[in-house]
Amino acid sequence: MEVENIFVSGANRGIGLEFVRQFVQLSKPPRFVFATYRDINSIKALENIRDGSKGTQVVLIQMDVGNSEDIERAQKVVQETVGDEGLTLLINNAGVAEYQGFPEITEEDMLFHYSVNTLGPVMLLKALFSLLQKSASRKASGMSVSKAAVLNLSSSLGSISEMTEENPKEWLKVMGYRTSKAALNMAMRVVALTVKDQGVLVVNMCPGWVKTDMGTESADLEASESISAMMKTLSQLDESHHGAFLDRNGKTIHF
């Protein structure tokens, strides 16, 4: 898998950080990786990857995915850096998850999750889409991650069809998270069908339950395991996966 220019939101920790780490370690690494963070006091690990990278220029960008001005500034940085080459891969990773169920759920909690987990990825994709189109226009027909693609980090918890009484009751307590991921799945399905003739692959993927600050130490997977599986799946994607919702190994998850 050869990917020229990559943008990763929420790259200073967890899944986003591991994506940056594994991409710069490829035998043919990207030329640029744009890695965003919110808090400048939480970027030491990201700085270490940047400083140790020989084949890739890692560009750190302070950005809150819920802030339109931040997104606009980030877009300008990417545009000025890649020019007519465009952006090859956008990884919409930044997200939040807090525990509140029904009837304790508040309006603030619902709007917070929706703003970050649904609206943020859509607005970021909107801002960067013309750069993805530029990358797509430089390659042959068909779709692939090496041509132009958007990977949206979703969750099986956002699948309505897979939400049954057999699911652990504790997951009912992340109501805002689940509904925002279900909304993300629908939003990106709409995007995929809208842009299906423009050469930009759009895919939603569940990384599994990963040991991160969000996933906690109770999770099943190390970040390195999850991202290794997703990287393998990414390399195999084509136009038949456009608009799909997959697990990290490429198996379809029902919406």
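The values are calculated or read from the model by the stated rules, or taken from the named source; none is laboratory data. Since the structure is predicted, the reported quantities are computational estimates derived from the model, not experimental observations. Here Cβ is always computed from backbone atoms with ideal geometry, including for glycine, and neighbour counts include all displayed protein chains. Ligands, DNA and RNA are stripped out before the accessible areas are found, and what is left, the full protein with its side chains, is counted by its heavy atoms. Shrake-Rupley method; radii C 1.70, N 1.55, O 1.52, S 1.80 Å.
Quick notes on this structure:
- For the stretch 181-212, filtered to residues that are of a type in the set (D, E, K, R) and out of contact with any helix residue (DSSP H, G or I) (no Cβ under 6 Å at 6 or more places or on another chain), the residue that is most open to solvent (accessible area, probe 1.4 Å) is Asp197.
- For the stretch 108-136, the set of residues classified as acidic (Asp, Glu) and in contact with a helix residue (DSSP H, G or I) (Cβ under 6 Å, 6 or more places away or on another chain) consists of Asp109 only.
- Residue match in the stretch 167-180 (condition: assigned to a loop (DSSP other than H, G, I, E, B) and at pLDDT below 95): yes
- For the stretch 139-153, the set of residues classified as among the β-branched types (Val, Ile, Thr) and in a loop (DSSP other than H, G, I, E, B) consists of Val145 only.
- Residue in the stretch 18-26 that is under 22 Å from Arg73 (Cα atoms), open to solvent by 10 Å² or more (accessible area, probe 1.4 Å), touching a residue at least 12 places away in the same chain (Cβ under 8 Å) and not aromatic (Phe, Trp, Tyr) present: no
- Counting only residues that are open to solvent by less than 90 Å² (accessible area, probe 1.4 Å), part of a helix (DSSP H, G or I), polar (S, T, N, Q) and out of contact with any Gly (no Cβ under 6 Å at 6 or more places or on another chain), the stretch 213-239 holds 3 of them.
- Residue pairs whose Cβ atoms lie under 6 Å apart, separated by 6 or more positions or on different chains, with the first residue in the stretch 144-160 and among the polar types (S, T, N, Q) and the second assigned to a strand (DSSP E or B), are Asn152/Asn92; Asn152/Asn204; Ser154/Asn204; Ser154/Cys206; Ser155/Cys206; Ser156/Cys206.
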